[in-house]
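As structure tokens, the structure follows; a few thoughts come after it.
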Amino acid sequence: MPTLAQVQAEIARRGAEKNREREARDAERELAEELLRTDWAKHARPEQRLPPGDWLTWLILAGRGMGKTKTGAESIRELVCGPTPLAPGRYARVALIAETAADARDVIVEGPSGILGIHPRVYRPMYEPSKRRLTWPNGAIATVFNATEPDQLRGPQFDLAWGDELAKWEYVQEVYDQLQFGLRLRGPSGDRPRQIFTTTPRPIPIVRKLVAASDTIVTRGNTLDNAANLAPSFLEKIVERYAGTRLGRQELNAEILDDVVGALWTRETIDKARWKIEVPDFARVVVAVDPSGARSVDDEGADSIGIVVAARGVDGRAYVKADMTCKLSPAGWGARAVQAYIDNDADCVVAERNYGGAMVEHVIKTAAQHRGVTVAFREVVASRGKVVRAEPIAQLYEQGRVSHIGELSALEDQMCQFTNDGYVGDGSPDRADALVWALSSLMDMRPVVTVSPEVLARSRQPAVAYGSSRFGRP
């Protein structure tokens, strides 16, 4: 017969076993509920699901509140996680890129729709902020980057990337280029590298290039598509205030509006300037250089060197012939400008004196000596700001006095982002600045002075003598 102590021990053992069984059942139920709650396949709208096909880029152009951040995070989860927490997924080396370091942490990683928030606990990666790293239970690793430091992406290699708010990145082209160099691994199962961009659209070159690329899948989303998950008061206020406006079309309807509000040039104006008939003889040709201050080809902080070739025809019109803008060392862009001078039988090279004029002249003349030619050089003075200098040139386009010859899309992109308040594109408007210098030197840009008949009549009256003073009055 068992003793009292043995009976009490058995009762405690059975009670603990029942507690463990109950805790296990509760844990299983909670896990099942969590898996059901986080089952993206059941909750995602059709446009939020990964597209089929052998694409390189999935570009999600969506309005505010459409759910694009959650779409990006859930897509990473689907591509990285296997059928069980420890099973490998299709991809294992991921780049996560946000506009700033704070956005990367607060939105992409820790935000309500971020990586940590959308994973069930058993699949959730471990986040190490000091290392900018997320590590999944199956060994997949994601590294976090920001778009203010393009050089962060030098060196690492990836098989998958997600970039959030691409159109807002400060150094969008530089970051995109570095990502392309690093996106060179195949996934564990041999899948090709892929990149996903979620952004509210803006009329910037990289967005248009991605939209036009044959290996890009473009998904568009409207704020109202996600109305069920947004506060009614927000929808009522935002729709009432912005519906139908240009800002609303961009931020709510996710339309790419090429013409920036207040732009000095519009797409329509430039399209009208395209020359489609025989070009006349040229009376004068110039090569304009807008220097960036780059010391070498590796000077990543500098902008490109704007080099534009333009001419004045015997018909009095201006013709933009070529955009030779580059990002090279002084020896490189000097040789390029001299070659443009030779190829176009130019009359002179024009450059701004206030910013690099002496340096440009030295570089051009050195490059000319190496080629065994003589190049005429002319300095121009920047006594006014960029916008003030550009406005008269924009008026020439409005008057139909300028034509574009051939492919000038990069230059035209910059022109359409030059506004009354300054340049709203990425980096510096090097191409557009060179265009302004070229056309200013070719055309008569002196201000037109209108004289009233009354003033003209007074000027014809004889002068009145006021004594012996040589200045007219005693």
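Might you let me know whether the range 76-97 holds any residue that is part of a loop (DSSP other than H, G, I, E, B) and within 30 Å of Gly425 (Cα to Cα)? Scanning the range 76-97, I find no residue that is part of a loop (DSSP other than H, G, I, E, B) and within 30 Å of Gly425 (Cα to Cα), so the answer is no.
Filtering the range 118-171 to residues that are more than 30 Å from Arg202 (Cα to Cα) and of a type in the set (Ser, Thr, Tyr) leaves Tyr123, Tyr127, Ser130, Thr135.
Condition check: of a type in the set (Lys, Arg) and within 9 Å of the chain's Cα centre (by Cα). Does Arg202 satisfy that? It is true that Arg202 is of a type in the set (Lys, Arg) and within 9 Å of the chain's Cα centre (by Cα). The residues on offer are Leu86, Leu4, Leu61, and the sole one that is of a type outside the set (Asp, Glu) and touching a strand residue (DSSP E or B) at 6+ places or on another chain (Cβ under 8 Å) is Leu61.
When Tyr91 is tested against the conditions (1) within 20 Å of Lys70 (Cβ to Cβ); (2) without any contact (Cβ under 8 Å) to a residue 24 or more places away in the chain, the lone failure is (2). Hey, any hits in the range 119-130 for a residue that's without any contact (Cβ under 8 Å) to a residue 24 or more places away in the chain, closer than 17 Å to Thr198 by Cα and either not charged (D, E, K, R) or not assigned by TED's automatic domain parsing to the domain that holds Leu210 (or both)? No, there is no match, as no residue in the range 119-130 is without any contact (Cβ under 8 Å) to a residue 24 or more places away in the chain, closer than 17 Å to Thr198 by Cα and either not charged (D, E, K, R) or not assigned by TED's automatic domain parsing to the domain that holds Leu210 (or both). If you filter the range 160-171 down to residues that are of a type outside the set (Gly, Ala, Ser) and crowded, with 24+ Cβ neighbours inside 10 Å, you find that the one that is modelled with the lowest pLDDT is Trp169. If you take the residues in the range 122-151 that are under 29 Å from the mean Cα position of the chain (by Cα), charged (D, E, K, R) and assigned to a loop (DSSP other than H, G, I, E, B), which one is modelled with the highest pLDDT? My answer is Arg132. Taken as a whole, the structure places Gly425 among residues that are at pLDDT below 85 and out of contact with any Pro (no Cβ under 6 Å at 6 or more places or on another chain).
The values are calculated or read from the model by the stated rules, or taken from the named source; none is laboratory data. Because the structure is predicted, anything quoted here is derived from the model rather than measured. Cβ sites come from the backbone with ideal geometry, for glycine too, and all protein chains shown count toward neighbours.
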